[in-house]
Number of protein chains: 2
Amino acid sequence: MGIVVQKYGGSSVADAAGIKRVAQRIVNTKKAGHQVVVVVSAMGDTTDELIDLANEVSPLPPARELDMLLTAGERMSMAVLAMAIHDLGHEARSFTGSQAGVITDAEHGKAKIIDVTPGRIQTAIDEGAIAIVAGFQGVSQTTKDITTLGRGGSDTTAVALAVALRADVCEIYSDVDGIFTADPRIEPHARKVPRISYEETLEMAAQGAKILHLRCVEYARRYDMPIHVRSSFSEKEGTWVVKAEDVAQEESMEAAIITGVAHDRSQAKITVVGVPDKPGEAAAIFRAVADAQINIDMIVQNVSAAATSLTDISFTLPSGEGQTAMTALDRLKAEVGFDGLQYDDSIGKVSIVGAGMSSSPGISARFFEALSEAGVNIEMISTSEIRVSVVVAESQVQDAVNAAHAAFDLGSDEIEAVVYGGTGR
Amino acid sequence: MGIVVQKYGGSSVADAAGIKRVAQRIVNTKKAGHQVVVVVSAMGDTTDELIDLANEVSPLPPARELDMLLTAGERMSMAVLAMAIHDLGHEARSFTGSQAGVITDAEHGKAKIIDVTPGRIQTAIDEGAIAIVAGFQGVSQTTKDITTLGRGGSDTTAVALAVALRADVCEIYSDVDGIFTADPRIEPHARKVPRISYEETLEMAAQGAKILHLRCVEYARRYDMPIHVRSSFSEKEGTWVVKAEDVAQEESMEAAIITGVAHDRSQAKITVVGVPDKPGEAAAIFRAVADAQINIDMIVQNVSAAATSLTDISFTLPSGEGQTAMTALDRLKAEVGFDGLQYDDSIGKVSIVGAGMSSSPGISARFFEALSEAGVNIEMISTSEIRVSVVVAESQVQDAVNAAHAAFDLGSDEIEAVVYGGTGR
């Protein structure tokens, strides 16, 4: 008899049929005795169409007005979803982000939530109605202008509302059944994980698994709000994202050391060749990259060759930022005195993630052996408390994932028939 | 150096090119030294598309949610219009009806404005920005829900804002050059009227001229706000709608007795045949029609034939409501004891309107003579202080308009090359 917050992504409400299907699911939850608050994204490709419209009129639309335009998308989906619920005989009231009390800073296009005051939502559900809230949007505390939250915004809206309403759970619906031990498109034995910790989910997401956005998981972790990741196309239980103690408790008999294998093909590698091996040179290089607003990920510096006192420095970055970084570094060539730059976007990153890793020695060794036996060459390595990542050639990503998955016995015998994709915005 | 409120209808902002054109016109007004507030309708067919979307999901969408959905239309047009103005180097800020302080009652789909508190608009223009306001929408004072104003809503928003901001003028833009002495599509000598009184405009609009909505003219008359009706496709002066004294003053040398000829093909006529001529029978008939929420316009009761004590009662009504009225009346047949019902939607109404009429005897006679000479048969007649209307066969509407136009010397020698159409919502 508690409050359930449900979030449906754009693919779940892409057309009238999808909206009716989702409406039925919401009504079922209500009938089961819950108070239901629904957060919804824009229908299907609406957001892209609105961006196209803006670009038709203006090459660089002002952020305030772009937010005003884009928020029309959720306004449409939430209103028609409320209509579909009415047709099933239940009262539903839609609310904009502003009406729902989602208060943000004034950073248009990437606003941060600074407070949630869901008085109208609480009233609506107390009066027996289902509340439908526009995801992705809020209102600036200072300017009172409409803002959008940027990538992962709707998931974050849902978690933030769940926290503010003291909901029992925040359910995030997409077209995927949950979080898997690996991407089922490249690992046929991938298995749905029943429970996973916030920390592991953050590592998986940061290492390229397209599951939940970092931001909403961080929010949920801070306030200990359980997230249930599940598919709007099936009735199956999905994956519960909860605090580490609750995962351990549940699986104490046979704790998995590794929870999953993540991979990411969206990175590129830049190598700065022949850098003089003296203090301050590496700092100058990374200062130039940072000044260009590039997010670098992994860094490797070779031992300098004794004869020349020259070293090579390699780092990875999102391939979309490659051109900017190369231009910034090229300007530095004479000043630092390196020999040249190499750019390679045919790389991939494969990571194993697991909370049990820190207490189990030899995990890295087992991972590297498995890669070696599969003929996969490791180009770079980085580690954290609960993760080991390697950079390999893009052509070897699938082999690497399969080898790691098998080496840590992650697979199920049956092959899951699911499509693994991203959640909506 | 005063405040100018401009309203652009959906046909003026139908696509990116239209939006850029309108943006340039707004910037020109700003450059001329005015503070500019713009009220905009949804782009082209957006509103119809949103209604289609609603109908796909729900046969009878709840009014609150339909308002939430439809208001997405102006949200889009106002945001992209603000973008286009930015690109011309001027600051523009868009505001929803709620943000602009358009406070209404809670009648979704046909809300009435009960207050306008344009604090944010005043601040925006005082800071040198152009304010863009969504037409057609407001926020309920009691429920805080988003409302729409119904037909003519955007025009009314513009006039109400102009009044609240103490603007110099409210300019209403459409694809028509102004108010004409008759519809130029059927009267090639129709002439643009330079000035017309609120009262004459109301009569013209009520008698079928598709110019301004009654509602916005009533609002302007109540607060004496001058309206300038003009085309967004040309730089020509349009028609000024002002108080009667100002029209008379201007044209005192040669006051036109008749301002224009309006016509309306959207009416139908119902005749109740053989009604017993005794007290209460007519009342019963019109009570039945009123109970069915039918708006009747003209009524004619024939003198009863002495031999039978039976009479015929005819009245006109919007043809869209004809079926409902016929059904309501048919139920009454036995009770009242009339012989039958006749339905005719091949009729038209032609009206002459002019403030000078009341002080000039013989106007009706001249009108009827002109119709007679043109071979037009009059079926019904009604008059007001400043109007004479006749019902004729639909096939004779054009002849009747031409005859009246010529009889009162309304024509210009040159034929205006304009398209005469309705304003947006």
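Flag set for A:V169, criterion: among the hydrophobic types (A, V, I, L, M, F, W, C), at negative phi and touching a His at 6+ places or on another chain (Cβ under 8 Å). Filtering region B:199-227 to residues that are of a type in the set (A, V, I, L, M, F, W, C) and under 9 Å from the mean Cα position of the chain (by Cα) leaves B:L202, B:M204, B:A205, B:A206, B:A209, B:I211, B:L212, B:L214, B:C216, B:V217. Is it the case, given these coordinates, that A:V139 is modelled with pLDDT of 95 or more, within 14 Å of chain B (Cβ to nearest Cβ), surrounded by fewer than 24 Cβ atoms within 10 Å (Cβ to Cβ) and under 24 Å from A:L50 (Cβ atoms)? Yes; evaluated as a whole, the condition is true for this residue. Residues that are of a type in the set (A, V, I, L, M) and at pLDDT below 70 were ranked within region A:249-266; the one that is surrounded by the fewest Cβ atoms within 10 Å (Cβ to Cβ) is A:M253. Please work out which residue is nearest to the other protein chains (Cβ to nearest Cβ), limiting yourself to region B:70-100 and to residues that are in a strand (DSSP E or B) and free of Cβ contacts under 8 Å to residues at least 40 places away in the same chain. My answer is B:R93.
Here B:L60 passes the criteria (1) over 23 Å from the mean Cα position of the chain (by Cα); (2) of a type in the set (A, V, I, L, M, F, W, C); (3) farther than 26 Å from B:G178 by Cα; (4) assigned to a helix (DSSP H, G or I) except the one numbered (4). Take the residues of region B:142-167 that are more than 30 Å from A:I121 (Cα to Cα) and surrounded by fewer than 17 Cβ atoms within 10 Å (Cβ to Cβ): which is nearest to the other protein chains (Cβ to nearest Cβ)? Checked region B:142-167; the qualifying residue nearest to the other protein chains (Cβ to nearest Cβ) is B:R151.
The rows are residues; the columns are (1) of a type outside the set (G, A, S); (2) touching a helix residue (DSSP H, G or I) at 6+ places or on another chain (Cβ under 7 Å).
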| position | (1), (2) |
| --- | --- |
| A:S94 | no, yes |
| A:E107 | yes, no |
| A:A124 | no, no |
| A:L149 | yes, yes |
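Hey, does region A:216-223 have a residue that's among the basic types (K, R) and closer than 11 Å to A:S197 by Cβ? So far as region A:216-223 goes, yes, one or more of its residues are among the basic types (K, R) and closer than 11 Å to A:S197 by Cβ. In region A:314-425, counting only strands (runs of 3 or more DSSP E) that sit wholly within it, the ones holding 3 or more residues that are modelled with pLDDT of 90 or more span A:340-344, A:347-353, A:387-393. Would you check if A:A129 is more than 9 Å from every other protein chain (Cβ to nearest Cβ), under 22 Å from B:D48 (Cα atoms) and either in contact with an Asp or Glu (Cβ under 7 Å, 6 or more places away or on another chain) or crowded, with 23+ Cβ neighbours inside 10 Å (or both)? Taking the combined requirement at face value, the residue does not satisfy it.
Within region A:13-32, residues that are at the interface with another protein chain (Cβ under 10 Å from one of its Cβ atoms) and buried (at least 18 other Cβ atoms within 10 Å of the Cβ) sit with their Cβ atoms under 6 Å from residues that are assigned to a loop (DSSP other than H, G, I, E, B) and β-branched (V, I, T), at 6+ positions apart or across chains, in these pairs: A:I19/A:V13. Sort out which residues of region B:216-231 are surrounded by 20 or more Cβ atoms within 10 Å (Cβ to Cβ), touching a helix residue (DSSP H, G or I) at 6+ places or on another chain (Cβ under 7 Å) and not hydrophobic (A, V, I, L, M, F, W, C), and write them in order of number. B:Y219, B:R221, listed by residue number.
In this structure, A:N55 does satisfy being among the polar types (S, T, N, Q), at the interface with chain B (Cβ under 10 Å from one of its Cβ atoms) and surrounded by fewer than 23 Cβ atoms within 10 Å (Cβ to Cβ). Look at A:V5 and say whether it is of a type in the set (V, I, T), within 14 Å of another protein chain (Cβ to nearest Cβ) and surrounded by 20 or more Cβ atoms within 10 Å (Cβ to Cβ). Criteria not met by A:V5. Taking residues in region B:211-222 that are basic (K, R), and partners anywhere that are assigned to a helix (DSSP H, G or I), the pairs with Cβ atoms closer than 7 Å and at least 6 places apart or on different chains are B:R215/B:T156; B:R221/B:Y198. Looking at A:E49, is it at the interface with chain B (Cβ under 8 Å from one of its Cβ atoms) and either touching a helix residue (DSSP H, G or I) at 6+ places or on another chain (Cβ under 9 Å) or surrounded by fewer than 23 Cβ atoms within 10 Å (Cβ to Cβ) (or both)? For A:E49, the condition - at the interface with chain B (Cβ under 8 Å from one of its Cβ atoms) and either touching a helix residue (DSSP H, G or I) at 6+ places or on another chain (Cβ under 9 Å) or surrounded by fewer than 23 Cβ atoms within 10 Å (Cβ to Cβ) (or both) - is not met. Take A:A42 and decide whether it is out of contact with any Cys (no Cβ under 6 Å at 6 or more places or on another chain), within 12 Å of another protein chain (Cβ to nearest Cβ) and surrounded by 24 or more Cβ atoms within 10 Å (Cβ to Cβ). Here the answer is yes, as A:A42 does meet what is asked.
Look at B:A63 and say whether it is surrounded by fewer than 20 Cβ atoms within 10 Å (Cβ to Cβ), at the interface with another protein chain (Cβ under 10 Å from one of its Cβ atoms) and not aromatic (F, W, Y). So B:A63 fails the test. When B:T104 is tested against (1) hydroxyl-bearing (S, T, Y); (2) away from every other protein chain (no Cβ under 13 Å); (3) surrounded by fewer than 21 Cβ atoms within 10 Å (Cβ to Cβ), exactly one condition is not met: (3). Here A:K112 passes the criteria (1) surrounded by fewer than 21 Cβ atoms within 10 Å (Cβ to Cβ); (2) within 13 Å of chain B (Cβ to nearest Cβ) except the one numbered (2). Of the listed requirements (1) out of contact with any helix residue (DSSP H, G or I) (no Cβ under 6 Å at 6 or more places or on another chain); (2) over 21 Å from A:S358 (Cα atoms), A:H213 misses just one: (1).
The values are calculated or read from the model by the stated rules, or taken from the named source; none is laboratory data. Keep in mind that this is a model prediction, so the values were computed, not measured. Don't worry about glycine lacking a Cβ; one is built from the backbone with ideal geometry, like all the others, and counts go over all protein chains shown.
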